[in-house]
Amino acid sequence: MADAARLKIIGVLGGMGPAATARFYSRLIEVGGGSRDQDHVPVIIQSLPQVPDRDDAIAGKGPSPRHALAAMAKSLERAGAGFLVMTCASAHVYEPAIREAVKLPFVSLIEEACEEILRRDTGARKVGVLAEQGTLDAKLYDVALSRRNLEPLPLGFKERAILQKVVQAIKAGQRDDKVKAAVAKFCNTLVEAGAEVVIVGSAELSLVVSHQEVRRPMIDALDVLAERCVLYARDQVILPRSAMPA
């Protein structure tokens, strides 16, 4: 394990939603492993469910979470975080406000998920994107994939509206077989449209998705973020250039 003096503290802008944040922390523990407490990576989580709804803000139907997210970032910086992450995909629309507020690196859920396709070297070029309404409408994954010469295949507008209801059900605690089957069906709809790999790009969807039910390789953005954060925190891999402050 890494020398404690060299460990970077992971600062998490969380609570969007709480269950997804808890899953991310659980994955950090699972990925990090270790036989004693001291072997695990240090984490500071600020869970603030009261941050204004990101999907509503993106759609112009609600207040912006910009100021709340910037304030969270400043708080984590003061607490000693070495770099920041955020478990909510749609909140990445406001990444510039977070970067402006602090001098810390910001590791993007979106960028890490897209880069993982290249790291796995599967040869896939057409990428299905499963995410909540705001993330898809803002084309967060589309832009990141296109920069890597990968072709994004997002859900159609009708399917997005249906999936959004599924995401809301998951947030409300519904994670039964019916919900899991619905998410798997959306993944395979993307496969039928030509996707060679599917990004599950919403933290809530990570709570219910099953690799076994998807007919192509799958990238779980939340899992990838946890795996990379452990490496960055232990200084086993240098932070990506995209994460560094301007």
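Residue by residue through the range 1-11, note down the ones that are small (Gly, Ala, Ser) and assigned to a loop (DSSP other than H, G, I, E, B). Show your work before the answer.
Narrowing the range 1-11 to residues small (Gly, Ala, Ser): 2, 4-5, 11.
If the condition is that a residue be small (Gly, Ala, Ser) and assigned to a loop (DSSP other than H, G, I, E, B), then ALA2 is the only one that fits.
Do we have any residue at all in the range 27-47 that's on the phi > 0 side of the Ramachandran plot and surrounded by fewer than 17 Cβ atoms within 10 Å (Cβ to Cβ)? Taking every residue of the range 27-47 in turn, at least one turns out to be on the phi > 0 side of the Ramachandran plot and surrounded by fewer than 17 Cβ atoms within 10 Å (Cβ to Cβ). When the range 173-208 is filtered for residues that are closer than 22 Å to LEU118 by Cβ and surrounded by fewer than 22 Cβ atoms within 10 Å (Cβ to Cβ), the ones remaining, listed by number, are VAL191, ALA193, GLY194, GLU196. Assessment of the range 54-74 against the conditions (surrounded by fewer than 18 Cβ atoms within 10 Å (Cβ to Cβ), closer than 26 Å to GLY134 by Cα and among the hydroxyl-bearing types (Ser, Thr, Tyr)) yields at least one matching residue. Among the residues of the range 228-239, none qualifies, meaning not one is surrounded by 23 or more Cβ atoms within 10 Å (Cβ to Cβ) and in a loop (DSSP other than H, G, I, E, B).
Which is more than 20 Å from the chain's Cα centre (by Cα), in the same structural domain as LEU140 (by TED's automatic domain parsing) and touching a residue at least 12 places away in the same chain (Cβ under 8 Å), of ALA193, ALA203, ALA184? Steps first, answer last, please.
Numbers: ALA203 fails: more than 20 Å from the chain's Cα centre (by Cα); ALA184 fails: more than 20 Å from the chain's Cα centre (by Cα).
Going through ALA193, ALA203, ALA184 in turn, just one is more than 20 Å from the chain's Cα centre (by Cα), in the same structural domain as LEU140 (by TED's automatic domain parsing) and touching a residue at least 12 places away in the same chain (Cβ under 8 Å): ALA193.
Would a scan of the range 221-231 turn up a residue that is under 20 Å from ASP177 (Cα atoms), in contact (Cβ under 8 Å) with a residue 40 or more places away in the chain and under 17 Å from the mean Cα position of the chain (by Cα)? No, that holds for no residue.
From the set of residues in the range 148-180 that are touching an Asp or Glu at 6+ places or on another chain (Cβ under 8 Å) and of a type in the set (A, V, I, L, M, F, W, C), which is farthest from ALA59 (Cα to Cα)? Restricting to residues being touching an Asp or Glu at 6+ places or on another chain (Cβ under 8 Å) and of a type in the set (A, V, I, L, M, F, W, C), the top hit is ILE170.
Yes/no per residue for (1) assigned by TED's automatic domain parsing to the domain that holds GLU227; (2) in a loop (DSSP other than H, G, I, E, B); (3) out of contact with any helix residue (DSSP H, G or I) (no Cβ under 6 Å at 6 or more places or on another chain); (4) within 26 Å of ALA138 (Cα to Cα):
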residue	(1), (2), (3), (4)
LEU13	yes, no, no, yes
ARG23	yes, no, yes, yes
GLY34	yes, yes, yes, no
GLN46	yes, no, no, yes
ASP56	yes, no, yes, yes
SER64	yes, yes, no, yes
LYS74	yes, no, no, yes
ALA91	yes, no, no, yes
TYR94	yes, no, no, yes
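Every residue in the range 195-217 that is in a loop (DSSP other than H, G, I, E, B) and more than 15 Å from GLU159 (Cβ to Cβ), please.
Looking only at the range 195-217, we keep the residues that are in a loop (DSSP other than H, G, I, E, B), and these are 195-196, 201-202, 207-210, 214-217.
Of everything in the range 195-217, those that are in a loop (DSSP other than H, G, I, E, B) and more than 15 Å from GLU159 (Cβ to Cβ) turn out to be GLU196, LEU207, VAL208, VAL209, SER210, VAL214, ARG215, ARG216, PRO217.
State yes or no: is LEU84 of a type outside the set (Lys, Arg), in contact (Cβ under 8 Å) with a residue 60 or more places away in the chain, outside the structural domain of VAL191 (by TED's automatic domain parsing) and under 28 Å from ILE238 (Cβ atoms)?
On the way: of a type outside the set (Lys, Arg): yes; in contact (Cβ under 8 Å) with a residue 60 or more places away in the chain: yes; outside the structural domain of VAL191 (by TED's automatic domain parsing): yes; under 28 Å from ILE238 (Cβ atoms): yes.
Here the answer is yes, as LEU84 does meet what is asked.
The values are calculated or read from the model by the stated rules, or taken from the named source; none is laboratory data. All values derive from a computational prediction rather than experimental measurement. Glycine also receives a Cβ, built like all others from the backbone with ideal geometry; neighbour counts cover every protein chain displayed.
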